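Asker: Right, I'll just put the structure down here and ask away after.
The values are calculated or read from the model by the stated rules, or taken from the named source; none is laboratory data. These numbers were taken from a predicted model, which means no experiment stands behind them. Here the Cβ positions follow ideal geometry from the backbone for every residue, glycine too, while neighbour counts run over all protein chains shown.
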Amino acid sequence: MKIRSAIAALAVVVLSVPVLAADKEPLTLSDGVTGMAEILATDAESVTARFVRKGVDVEAKVRAIRMDPISFYEIRRAHMESTAENHVNLAIHCAENGMLHQARFQMDMARALDPDIEQKFKDRPNLMEAIAARLADAAKRLVADGRLRDAYDVVQVLATRFTETAAAADAYASLDLIETKLAERDAARVAARQKKAADAKDAAVRAVAEKREAVVAALENQRAGAQKLESQALRQRNTTNAKHGHEAAAEAYAALLTAIGTAKAAATADADLGEMIREVERVVRSEGADALVNVGSVELARSNFDRAEDVAKAALAVDPGSARASSLLESVDIAREQADELRNLKLSRERRPTK
């Protein structure tokens, strides 16, 4: 992305020069350029910083929209006065940039400082509703683009982390559509495979193909059962019932992976069958990891950080490439740190002498 403002352009120049002073902090621009700067002041929309170029101090005011959202968040969080209004404004920044846990945390901090803060910000939209609505819109766009698996991932986030929002309720219509289209894709793939087996002219070849198809069909029938459990869990608005449903689905996927292991061992002499089984396994590992992530998401929402972390690690063991599992693990770390900070704030307020 090109930086269009003169201030941001100046920042790019000075950020490219390394500075060794001890009081410098990293500052990252929206195009990824990072350097060290002395933070002089911050407000809800900008950071004023001092950089050094060729031994000369240069001051610049960098707008938040020209910065990496996380970089602005970390700098503003560290330097702003801890007032309810400042925390609300920072929460809005987080919400607008998709930083879900940070937005929720900043609102918790604001409420801890002023329980009536939301009444004072009546013109502000409900942050969680705003984020959920944006996710729901993203899911619809992904469906329209034919990116069904990506859309399904987004809807799962809505169903497990934003169950209390109106947008989550609307997402169930998308869930029906996505699952129907995914089922149609699976059915077309199975039909093509069955047709290929049936069209074999040689009886012996046809018999082998039909035997392979029977093995794979048994595994896919078992997969359909696990999918049904997960689908039912995603539609549960009660978090306890949802967690039990996701756990049941995760157990069904675990049993299916055991069956897949047995089938692969029995197919060592048939390379074609082995590849067909591995194709099923790749899908099952992804779906099984998702079921575990959904369990962990419910635990995270309940602030059961250790349990959420364990489940995220279990999901990565099932599918090391699961982006959702990696994201959950990162979210647990962020939420744990923020919970400690919020706890310390509340303790400090309780210990403050009354006038």
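Asker: Hey, any hits in the stretch 16-23 for a residue that's of a type outside the set (Val, Ile, Thr), modelled with pLDDT of 75 or more and either touching a Leu at 6+ places or on another chain (Cβ under 9 Å) or not in a helix (DSSP H, G or I) (or both)?
Answerer: There is at least one residue in the stretch 16-23 that is of a type outside the set (Val, Ile, Thr), modelled with pLDDT of 75 or more and either touching a Leu at 6+ places or on another chain (Cβ under 9 Å) or not in a helix (DSSP H, G or I) (or both).
Asker: Okay, moving on. Against the condition surrounded by fewer than 18 Cβ atoms within 10 Å (Cβ to Cβ), outside any helix (DSSP H, G or I), of a type in the set (D, E, K, R) and within 33 Å of the chain's Cα centre (by Cα), how does residue 237 come out, does it pass? Walk me through it before giving the result.
Answerer: Values: surrounded by fewer than 18 Cβ atoms within 10 Å (Cβ to Cβ): yes; outside any helix (DSSP H, G or I): yes; of a type in the set (D, E, K, R): yes; within 33 Å of the chain's Cα centre (by Cα): yes.
Against the criterion (surrounded by fewer than 18 Cβ atoms within 10 Å (Cβ to Cβ), outside any helix (DSSP H, G or I), of a type in the set (D, E, K, R) and within 33 Å of the chain's Cα centre (by Cα)), residue 237 qualifies.
Asker: Something else about it: Restricting the first residue to the stretch 139-155 and requiring it to be on the phi < 0 side of the Ramachandran plot, which pairs with a second residue that is part of a helix (DSSP H, G or I) and basic (Lys, Arg) meet a Cβ separation below 6 Å and a spacing of at least six or different chains?
Answerer: Listed by first residue and then by second, the contacts come to 148/181.
Asker: If you go through the stretch 66-76 one residue at a time, how many are under 22 Å from the mean Cα position of the chain (by Cα), among the charged types (D, E, K, R) and in a helix (DSSP H, G or I)?
Answerer: 1
Asker: Taking residue 333 and the conditions (1) at pLDDT 90 or above; (2) farther than 22 Å from residue 255 by Cα, which numbered condition does it fall short on, given that it satisfies the others?
Answerer: Result: residue 333 passes all but (1).
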